[in-house]
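Laboratory data are not the source of any read-out in this text; all were calculated from the coordinates shown. Fair warning: this is a prediction, and the values are worked out from it, not measured in the lab. Because the Cβ atoms are built from the backbone with ideal geometry, glycine has one as well, and the counts that use them run over all protein chains shown.
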Amino acid sequence: MALLQISEPGMSAAPHQHKLAVGIDLGTTNSLVATVRSAMSTVLQDNHGHALLPSVVRYAPDGSIVVGHEAQAQQSADPINTIVSVKRFMGRGINDIADRAHIPYKFVSNSEAQTAKTLQIETRAGLKSPVEISAEVLKVLKTRAEKSLGGELVGAVITVPAYFDDAQRQATKDAARLAGLNVLRLLNEPTAAAVAYGLDNASEGNFVIYDLGGGTFDVSILHLSKGVFEVLSTNGDSALGGDDFDHRIYCWVLDKVRESNKQLTPLTEGDTRLLLTKARQAKEWLTDNFEAQIVCRLSNGILVDVTLTADQFVEITQHLVTKTLAPTRKAMRDANLDVEDIQGVVMVGGATRMPHIRHAVEDYFRQEPLTNLDPDKVVALGAAIQANVLAGNKSDDDLLLLDVTPLSLGLETMGGLVEKVIHRNSTLPIARAQEFTTYKDGQTAMSIHVVQGERELVSDCRSLAQFVLRGIPPMAAGAARIRVTFTVDADGLLSVSAREQSTGVEAHIEVKPSYGLTEDEITNMLKASFSSAEADKKARMLAEARVNAGAIISSVTAALAADGDLISEAEQNAIKAEVDRLQTIAAADDATAINQAVDALNHATEAFAAARMNASVSHALSGKAINSLEM
Amino acid sequence: MSSVHTEYFQLFALPEKFDIDTKLLETNFRKIQSASHPDRFVSATAAEKLASMQLATLSNEAFDTLKNAASRAKYLLERQGINAVADTNTALPLDFLMQQMEWREQLEDAKAAKDIETLDKLYRELRVESKTLEAELITLFDDDKDYTAATEVTRKLIFIDKVCSDIQQAIEYLD
């Protein structure tokens, strides 16, 4: 479409230049990177031919950071410094971790109020946040992609569980930025899977994506029609996954060992990790076999030798399978669909290989689930397709994803109750405003507490942010009108603003909930990672500012040439004046001044951009040829 | 927000009526999203991103309002300067209020008895009731232009929607 091309400044210079963009599935157990090459979405492999990178990070004694298979191999020998399944801790505080006793890490929580929500893990390399640990995994995938594709990436689509809340999404985005990735979009994992599946099979109709990963469960219901992937509803459990099945086996093995060894001394962290690894292997083995033998020697010399049958495995884990069906029913109700309305059920995530899961899903939907795409790879493949579209490589824009917010967002009102402002399963992007008022006469400040969740009591929901709106003019109780606006962008990330509006006295605040890392901290960490001289940094900043300036100048000039007649001559001249000003400033060596002039030009073109957007929408609706807009 | 498309029916190129072509609403919604969604403007200028975000947000809001019968009716009344849910707008016929109390009682009883099946049945019953009211609204809005009568029926529809969402919440809680 012509309008998209206008917004792609690089296109006119080199129209056929393929931009390197990747999709990354940052998984609990394994992570993958994929890209679209010769119109095919492909998973990229490492030097040894491995597509899956175990999401395991080890802080080694020699100060190096080891990621992947090599780190995984050391997890029993060095459990405290080898972090597995870190995704479970993203955007989480210590109190959110239910089974802390079974996890070998030393968790630390900062006592300061603002950071108490996010935990850290003590390693020999110092305190590490889940964001930093995840960034190590992402760095390896970034390097793999750049080596494999032979160039710098313009950006990446990172997938997140659909049921991730705001804190978990923000943490994931922070990790990607920390890894030096330009995040084109956070994409929900089931939606990514639907893209890979739907495009592959040219499907139309209602589809269910049942996604049981290592540590998270998502179920999404989508309507597919002519390249539009519309999420109707999503539900899930962000703390339920294949790991829990391992853990059940682990507990079962311990019970067995205790039966024969009455005085079982406490297990070491290495023992725990070893038994969990054996449990995972047994689970995988039972996918195709009737029984699995678990043999290993604990550090105290006790030999573990037990056999788990497939039936026993089903018995000890059936409650976990059942646990996935409640969110599935909720999603179906929210989508307002019956089982008969479903054209296909796509299985995603390695854990869906377990036969009793497939049976449970088949029983519920009364149809055999679709497993023709590798459940480990389908998310990354879909993310790569979306990254290719977002980077502007696809000339036809047939693919459109309309996703939803998984959890309701609201505010705390008197009595610790939640007033929902945005309901779950609202299509993104969304902005909703609601008015609130004061409780006491003469009240001049208001504490605004933002929460996420479905329950009526604040204490049952997740607290996202708390801020104070001051400067409300003193009035009788109930007279003030405080308008609170919630905005959720296409990444599913929230920002909140509040304004007192009965008197016109400005009392305005805008916040993005922050978790752990601030903008400055990320910038500093990134800067520290380029161990270059001050002069180099300045040169890079100037170069970046000039690239930005050049991009916006060519974009605005092209837009004026194509659609200038949408605004008055005076308005056109005002924009041209800003363009000229920016051109002059960009020739000088002051990066800050260039960035300011870019902002000024952006501001000057807001009304013009809105007019073009309206014109583009009118054209889309009237179905008229848009050749007149072609550059 | 720019002034051109702040009116919901106009945004979707639909006539301002209660009886709308929902297929066309959906088709046009997807066309608008396709032209304005932030995914189309990932590497655009900040001004273009802002315009995209605003229009995509507006069309989501407008689509939500028009696709649901109760909110569509409420919106049509707003266009006539009538606030269907204003505190002053409390009049509802006695028989409907009695009926509503009865539904509420059934809901509470089924909830206490943890009886999902009865809740489901009640839900379907109310949906049938909604359909009857929607048919009435077509005549009142589109033929008679009787906004006073339409206000009363709209209020009934909003009440039923509320009971329905409470039923769904109860089912969810029990499930």
First measure r as the distance between the Cβ atoms of B:Ala91 and A:Ser459, then evaluate 1/(1 + (r/R0)^6) with R0 = 41 Å and state the FRET efficiency to the nearest 0.05. 0.60
Going 7 Å from the Cα of A:Arg546 along its beta-carbon direction, which residues of region A:593-608 have the amide nitrogen within less than 13 Å of the resulting point? A:594
Rounded, prolate or oblate: which fits the protein assembly as shown, taking a ≥ b ≥ c as square roots of the Cα gyration tensor eigenvalues, rounded meaning a/c under 1.5, else prolate when a/b beats b/c? oblate
Once R0 is set to 56 Å, what does the formula 1/(1 + (r/R0)^6) return for the Cβ-Cβ distance between A:Glu362 and A:Ala476, expressed as a FRET efficiency to the nearest 0.05? 0.35
Considering only DSSP beta bridges where both residues belong to the protein assembly as shown, give the percentage that are antiparallel (nearest 5). 80
Looking at region A:396-435, I'd like the Rg to Rh ratio, where Rg is from alpha-carbon atoms and Rh is Kirkwood's inverse mean 1/r. 1.19
The relative contact order of region A:171-292, taking Cα pairs under 8 Å that sit 6 or more residues apart, comes to a percentage of 15
What FRET efficiency comes out for the pair A:Gln434/B:Thr65, r = Cβ-Cβ distance, R0 = 22 Å, nearest 0.05? 0.90
Find out how many positive minus negative residues lie around A:Ala239, taking Lys and Arg as positive, Asp and Glu as negative, among other residues whose Cβ is under 10 Å from that of A:Ala239. -3
Starting from 0.36 nm per residue, how many nanometres of slack lie between A:Ser64 and A:Thr309 once their C-alpha separation is accounted for? 84.1 nm
Which ordering of A:Ser220, A:Ser616 is given by a fewest-first count of other beta-carbon atoms within 10 Å? A:Ser616, A:Ser220
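Starting from the exponent 0.38 and prefactor 2.2 Å, build the expected Rg for region A:225-370 from its residue count and divide its actual Cα Rg by it.
1.29
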Multiply the residue gap between A:Asn573 and A:Ser225 by 0.36 nm, knock off their C-alpha separation, and tell me the result in nm, one decimal place. 120.9 nm
Mind checking which aspartates and glutamates have their Cα closer than 20 Å to the Cα of A:Lys142? Skip sequence neighbours fewer than 8 apart in that chain. A:Asp25, A:Asp46, A:Glu70, A:Glu132, A:Glu152, A:Asp174, A:Glu189, A:Asp376
According to a simple spin-label model (label point 7 Å from Cα along Cα-to-Cβ), what is the distance in nm between B:Met101 and A:Thr143? 7.4
Classified through the alpha carbon gyration tensor (a ≥ b ≥ c as square roots of its eigenvalues; rounded if a/c is under 1.5, else prolate when a/b is larger than b/c, else oblate), region B:94-174 comes out prolate
Tabulate in residue order the Karplus-calculated ³J(HN,Hα) for region B:39-52, using 6.51 cos²θ - 1.76 cosθ + 1.60 with θ = phi - 60°, rounded to whole Hz; enter x for Gly and Pro. 4, 7, 10, 4, 10, 7, 6, 4, 5, 5, 4, 4, 4, 5
For the pair A:Ala587/A:Ile97, report the inter-label distance in nm, with labels modelled 7 Å from Cα in the Cβ direction. 5.9
Evaluate the relative contact order of chain A (contact order divided by residue number), counting alpha-carbon pairs under 8 angstrom at least 6 apart; express in whole percent. 14
Amide H neighbours of A:Gly344 under 5 Å, at least 5 residues apart or on other chains, H built in the peptide plane: list them. A:Val208
Table column - 3J(HN,Hα) (Hz), region A:152-167, Karplus curve with 6.51, -1.76, 1.60, x for Gly and Pro: 7, 7, 7, x, 9, 9, 10, 8, 9, x, 4, 8, 4, 8, 4, 5
Classify chain B as rounded, prolate or oblate from the Cα gyration tensor: take a ≥ b ≥ c as the square roots of its eigenvalues, call it rounded if a/c is under 1.5, otherwise prolate when a/b beats b/c and oblate if not. oblate
Taking A:Glu152, B:Glu16, A:Glu578, B:Glu48 and counting other C-beta atoms within 10 Å, the order from fewest to most: A:Glu152, B:Glu16, A:Glu578, B:Glu48
Residues of region B:152-174 with backbone nitrogen within less than 16 Å of a virtual label 7 Å along the Cα-to-Cβ line of B:Lys114, please, listed as ranges. B:170-174
Given pairs A:Lys139/A:Lys278; A:Lys87/A:Lys377; A:Lys377/B:Lys49; B:Lys67/B:Lys162 and cut-off 25 Å on Cα-Cα distance, the over-length ones are A:Lys139/A:Lys278; A:Lys377/B:Lys49
Using label points projected 7 Å from each Cα along Cα→Cβ, tell me how many nm separate A:Asp565 and A:Phe107, to one decimal. 6.4
Got a sec? How would B:Ser165, B:Ser59, A:Ser618 order by Cβ neighbour count within 10 Å, fewest to most? B:Ser165, A:Ser618, B:Ser59
